[in-house]
Amino acid sequence: MALSVKLEVFEGPLDLLLHLIEKNKVDIYDIPIVTITEQYLDYIRQMETEDMNIMSEFLLMAATLLDIKCKMLLPKEVNEEGEEEDPRAELVQKLLEYKMYKYMSYELKDRSMSAQKFLYKKATIPDEVAKYRPPVDYDYLLGDVNLQKLHGIFKETLKRREDKIDPIRSKFGNIEKDEIDLDGKTQYIKEYIWEHKTLSFRDLLEKQGSKMEIIVSFLVILELIKVGVITIEQDDTFDDIIIKVCEDVSGAEFLMADLETAQ
């Protein structure tokens, strides 16, 4: 079946396929692949072009149509869900997308042509008219408002602001970061212990000025026990803890002990 067409009518293989489907008045979801392929190949035979880019696009679509035609002759494949797969599904999806973009381009072209029919005139309002502002009628704006009503509105506004205040959170104080020099505090505690050799753990903590200093002091004591330069003794439960420097530790070894807390 010969089909007399001109190449410039079609912008590509999808445009030609869409034309053939509309010409044959067939359902795009149920393309008669045999008929459409034959008509498409007839058009390919009549093409007269030396542009290989254009020709390769049409030949690629021809190969796709032939591949679909072969698959239609074979038993249908079944997907993982147990449904039969249609070899034309991917082609149909591409045709639908192309058709949508094609008609959108027509719509944009029509709007562009319609926009050319509109003319706009720049504003030529006299300055005295542009600067005019209608007078404000304060009596009309205030209406029946008086000082008593204004006072009532003011009190209601204050009451709404008070209702928004959280009665619990509003009493919270500010949380301030307790700054402390860990290296300096660690060195101070080590020097203090070495100077006294034997001392009360309670007395050491009482000399600290803040909770953070107490925590750091406690961690330093644990690290000194860990590296083996001090020992602790406690005669009974809840009794005071006595800190003692180990006898075999020199002053240099004690003060130079590497503590993870100080780092």
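The values are calculated or read from the model by the stated rules, or taken from the named source; none is laboratory data. A quick note: this is a predicted structure, and the numbers were derived from the prediction, not measured. Glycine also receives a Cβ, built like all others from the backbone with ideal geometry; neighbour counts cover every protein chain displayed.
In segment 155-163, is there at least one residue being at pLDDT 80 or above and not hydroxyl-bearing (Ser, Thr, Tyr)?
Yes, there is a match, as at least one residue in segment 155-163 is at pLDDT 80 or above and not hydroxyl-bearing (Ser, Thr, Tyr).
For segment 139-149, does any single residue satisfy the condition of being surrounded by 11 or more Cβ atoms within 10 Å (Cβ to Cβ), outside the structural domain of Thr35 (by TED's automatic domain parsing) and either modelled with pLDDT of 75 or more or outside any helix (DSSP H, G or I) (or both)?
Checked against the condition, which is being surrounded by 11 or more Cβ atoms within 10 Å (Cβ to Cβ), outside the structural domain of Thr35 (by TED's automatic domain parsing) and either modelled with pLDDT of 75 or more or outside any helix (DSSP H, G or I) (or both), segment 139-149 yields at least one hit.
Listed here are the residues, each with its yes/no results for (1) assigned by TED's automatic domain parsing to the domain that holds Leu14; (2) surrounded by 14 or more Cβ atoms within 10 Å (Cβ to Cβ); (3) in contact (Cβ under 8 Å) with a residue 12 or more places away in the chain.
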{"residue": "Asn53", "(1), (2), (3)": "yes, no, no"}
{"residue": "Leu60", "(1), (2), (3)": "yes, no, yes"}
{"residue": "Leu65", "(1), (2), (3)": "yes, yes, yes"}
{"residue": "Ile68", "(1), (2), (3)": "yes, yes, yes"}
{"residue": "Ala89", "(1), (2), (3)": "yes, no, no"}
{"residue": "Val92", "(1), (2), (3)": "yes, yes, yes"}
{"residue": "Tyr98", "(1), (2), (3)": "yes, yes, yes"}
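Which condition number does Glu84 fail, the rest of (1) in contact with a strand residue (DSSP E or B) (Cβ under 9 Å, 6 or more places away or on another chain); (2) closer than 18 Å to Asp15 by Cβ being met?
Unmet for Glu84, out of (1) in contact with a strand residue (DSSP E or B) (Cβ under 9 Å, 6 or more places away or on another chain); (2) closer than 18 Å to Asp15 by Cβ: (2).
Picking from Leu16, Leu3, which residue would you name as being in contact with a helix residue (DSSP H, G or I) (Cβ under 8 Å, 6 or more places away or on another chain), part of a helix (DSSP H, G or I) and either modelled with pLDDT under 85 or over 20 Å from Leu96 (Cα atoms) (or both)?
The unique qualifying residue is Leu16.
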